[in-house]
1. Would you mind telling me which numbered condition in (1) in contact (Cβ under 8 Å) with a residue 24 or more places away in the chain; (2) part of a loop (DSSP other than H, G, I, E, B) Lys171 fails?
2. Hey, does the range 143-163 have a residue that's hydroxyl-bearing (Ser, Thr, Tyr), crowded, with 20+ Cβ neighbours inside 10 Å and either part of a loop (DSSP other than H, G, I, E, B) or in contact with a strand residue (DSSP E or B) (Cβ under 7 Å, 6 or more places away or on another chain) (or both)?
3. Report the residue count in the range 229-251 for those that are free of Cβ contacts under 8 Å to residues at least 12 places away in the same chain and at negative phi.
4. Which number in (1) modelled with pLDDT under 95; (2) closer than 29 Å to Val331 by Cβ marks the one condition that Glu62 misses?
5. Which of the residues spanning the range 107-127 are outside any strand (DSSP E or B) and of a type in the set (Gly, Ala, Ser)?
6. Being of a type in the set (Val, Ile, Thr) and part of a helix (DSSP H, G or I) is true for just one of Ile217, Ile188. Which residue is that?
7. Among the numbered criteria (1) surrounded by 21 or more Cβ atoms within 10 Å (Cβ to Cβ); (2) more than 19 Å from Lys232 (Cβ to Cβ); (3) among the charged types (D, E, K, R), which one does Asp125 miss?
8. How many residues does the range 215-241 contain that are charged (D, E, K, R) and in contact with a Phe, Trp or Tyr (Cβ under 7 Å, 6 or more places away or on another chain)?
Amino acid sequence: MKSSSSALRRIFLAKVPSYLVFVIIISLVALIIYKPVSSTVNAAPAVIVQSQSTASIIRFGEFDFIRPVLYVNGESSSPTLQNLKVSIDNIIHNHTADGLINASVYIQKFDEAGSLTINPDELYDPGSMMKVSMMVACLKEASNNRDILSAKILFKGRDANMREEKGATQKLIPGKSYTVKDLIEVMIENSDNDALLLLSRFLDPSKLDKVYHDLNIHPQKSDESTVLLSVKDYAKYLNVLYNASYLNRDDSQWALRILSKSTYNKSITRTLPEQILVAHKYGISEVHDKVYLGEGGIFYSDVSPYMLVVMTKGRNQFKQSDMISEISDLVFKTLNSGS
């Protein structure tokens, strides 16, 4: 700053026109202010994290000059959510006698910046919950080429190595061609594995990897599972759909509408009033002696729209389903009572 002050002093002492003095001063000030920033404009990573007290704002860094917000991470100090944490911890503990190994829960009220996570570092096989990732990847690719959604794919018949999806309903018809858009609907609404397989063969695998990268999701593998995720990572899919921050507004709206038509109702929606709209997806995966059961959804409550994701591992699918339903019922009653 001493050199800058000396330069300004010399300018004032010199006999130069006043307008030129003004131009020189403005140029020096601009140089001092903007020099540290200009060297980093093109060095942004795919995802930028900015810490703000207890929350982090996750921004999409694919562009040169703009940094759109993808989602916000951060634990809330809300008394309502903190009271829920104690109650949910008790529910999880009470179910360990029923063969529950562990469970993780993520809750976010969309009218607040923070969230609540229980057992955030535990990893789970999400099973068919990952069909949401395939849907997002297809729609992201379609943002560059809308013809992709109308492309037709022939279903020749079931792959002998493809397992039957538990909880799936309507099945594809062998010998019939389906558009990519049709397959996405069947894959999400009915959790159809054949539709998933056709889409996975159609879409370049790198497109799915790009979604992981863009959303800062780090799936892991084990000897038993090809994909392992934390509950917080899975919540990112629902977050960016609700915020319409990764796909365009029309595609985000369509994706959530399809999720709201999911036919599965044995866990987070089982005891809820029928008039409550929920965009949700479940997943079941059996690995040796363990059962992974999870479900995540966005609840369009008039009082307080919120997200709930529950992922479990245990040895009894039906009792795990009961526990998820119990947690969902508690969360709904608590957030809608304002207590």
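The values are calculated or read from the model by the stated rules, or taken from the named source; none is laboratory data. No experiment lies behind these values; they were computed from the predicted model shown. As a convention, Cβ positions derive from the backbone with ideal geometry for all residues, glycine included, and neighbour counts pool all protein chains shown. When the accessible area is computed, the model is the full protein with side chains, heavy atoms only, and any ligands, DNA or RNA have been set aside. Shrake-Rupley method; radii C 1.70, N 1.55, O 1.52, S 1.80 Å.
1. Status for Lys171: all satisfied but (1).
2. Narrowing the range 143-163 to residues hydroxyl-bearing (Ser, Thr, Tyr): 143, 150.
If we keep only those that are crowded, with 20+ Cβ neighbours inside 10 Å too, we end up with none.
For the range 143-163, residues hydroxyl-bearing (Ser, Thr, Tyr), crowded, with 20+ Cβ neighbours inside 10 Å and either part of a loop (DSSP other than H, G, I, E, B) or in contact with a strand residue (DSSP E or B) (Cβ under 7 Å, 6 or more places away or on another chain) (or both): absent.
3. Residues in the range 229-251 being free of Cβ contacts under 8 Å to residues at least 12 places away in the same chain and at negative phi: 2 in total.
4. So Glu62 meets the others, but not (2).
5. Filtering the range 107-127 down to residues outside any strand (DSSP E or B) leaves 110-114, 119-123, 125-127.
Once the filter is applied, which keeps residues that are outside any strand (DSSP E or B) and of a type in the set (Gly, Ala, Ser), the range 107-127 yields Ala113, Gly114, Gly127.
6. Values: Ile217 fails: part of a helix (DSSP H, G or I).
None of the other options fit; the residue is Ile188.
7. All conditions are met except number (2).
8. Summing the residues that are charged (D, E, K, R) and in contact with a Phe, Trp or Tyr (Cβ under 7 Å, 6 or more places away or on another chain) in the range 215-241 gives 2.
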